[in-house]
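What follows is a set of notes on a single structure, which appears directly below.
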Amino acid sequence: MKNRWRRDACLVLCGVLLWLLRDVQHVRTAAARALSLCAGTVIPSLFPFLVISGLLIALGFGEWLSPYLSGLMTPLFRLPGQASGPLLLGLVGGYPIGAQSAAELYQQGLLTKNETERLLAFCNNSNPIFLISVLGSGVFGSVRAGVWLWLIHLLSALLTGLLFRGGKAPARREKVRAVSCRTVSLPAAVVSSVRSAANGMLSVCAFVTLFYVLVSPLAARGGPLSAVLVGAVELFSLTPLLTPDAFGFVLSAACAGWGGLSVLCQTAAVLDGTGLRLAPCALGKALQALFSAGLALALSGYVLG
């Protein structure tokens, strides 16, 4: 079975390689557009957040929030207060900052594997700048529509978290709270955060470029089906295909909740070597997409009316 899977994968990749060789000029043009998108949008909107979120985690942001938010995180999601850090950073900073912050807490021993994987199901979210500016103003011509997209995204993430509540909190909670990550010096934290953010940014841009090129034939076809397929693969490539109507509003909300295969690959790169599974994150994003689509459908008449 394993050998058959490898054979099929190799055949598909050979087909992709032949397509790339046959249409080199188109591939070069699409790759150039993707790199321009990374330079003009992705890096400016993500890199500063990656650096600051890494600094916050290294200097004990989760521990500082823990006493204040444990009263919400524990009864709602059955997670310790430290988990509020990745959730908040993911909602503000965008993909894949939430996943990276959760993985860092796990590596520091502040969360168990079960807690981290449940957190990954709903802490990895879209950048509000993308939802409000790129989608709201750019596609629907309204900041108000973008704000509603972000609110839908936020609510769907929290609803997904409720579905991943898990069982009773483990007895090791007090031991975990005693662990401190503030022993690192500020210069060391800055250097480490910048290096980590640079590596993460390289992975993000690489995946955006790859999937932008791969979905370019679908994007060129146009139409609702092409928009759905493109949105399922790569979020940034979807924006030119969206229409400023109820269908476009629902599709943009659903695809932002899902994030795309590109985001899942970025998340997998962040989790590589940590021992954390990607499956809970993928399931969480699928559920969030469903919640987002339902909420957007219910609110589209009010928001766009």
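For segment 124-221, which helices (runs of 4 or more DSSP H) that fit wholly inside it have 3 or more residues that are at pLDDT 85 or above, over 21 Å from residue 107 (Cβ atoms) and more than 20 Å from the chain's Cα centre (by Cα)?
Values: elements: 143-163, 173-178, 186-221.
Counting at least 3 such residues, we get 143-163.
Taken together, the criteria place residue 120 among residues that are modelled with pLDDT of 85 or more, surrounded by 24 or more Cβ atoms within 10 Å (Cβ to Cβ) and within 11 Å of residue 276 (Cβ to Cβ).
Taking segment 227-240, which residues are within 19 Å of the chain's Cα centre (by Cα) and open to solvent by 20 Å² or more (accessible area, probe 1.4 Å)? Let's see the steps before the verdict.
At the first step, the residues of segment 227-240 found to be within 19 Å of the chain's Cα centre (by Cα) are 228-239.
Hits for segment 227-240 are 228, 229, 232, 233, 236, 239.
Here is a check on your reading of the model: is residue 243 of a type outside the set (Gly, Ala, Ser), part of a helix (DSSP H, G or I) and either out of contact with any Leu (no Cβ under 8 Å at 6 or more places or on another chain) or surrounded by fewer than 22 Cβ atoms within 10 Å (Cβ to Cβ) (or both)? In short, no.
Among 263, 270, which is more than 21 Å from residue 114 (Cβ to Cβ), open to solvent by less than 50 Å² (accessible area, probe 1.4 Å) and of a type in the set (Val, Ile, Thr)?
Working: 270 fails: more than 21 Å from residue 114 (Cβ to Cβ).
Being more than 21 Å from residue 114 (Cβ to Cβ), open to solvent by less than 50 Å² (accessible area, probe 1.4 Å) and of a type in the set (Val, Ile, Thr) holds for just one of 263, 270, which is 263.
The values are calculated or read from the model by the stated rules, or taken from the named source; none is laboratory data. Source: prediction; values computed, not measured. A quick note on method: Cβ atoms are made from the backbone with ideal geometry, for glycine too, and the neighbour counts reach across all protein chains shown. With ligands, DNA and RNA removed, areas are computed over all heavy atoms of the protein, side chains included. Shrake-Rupley method; radii C 1.70, N 1.55, O 1.52, S 1.80 Å.
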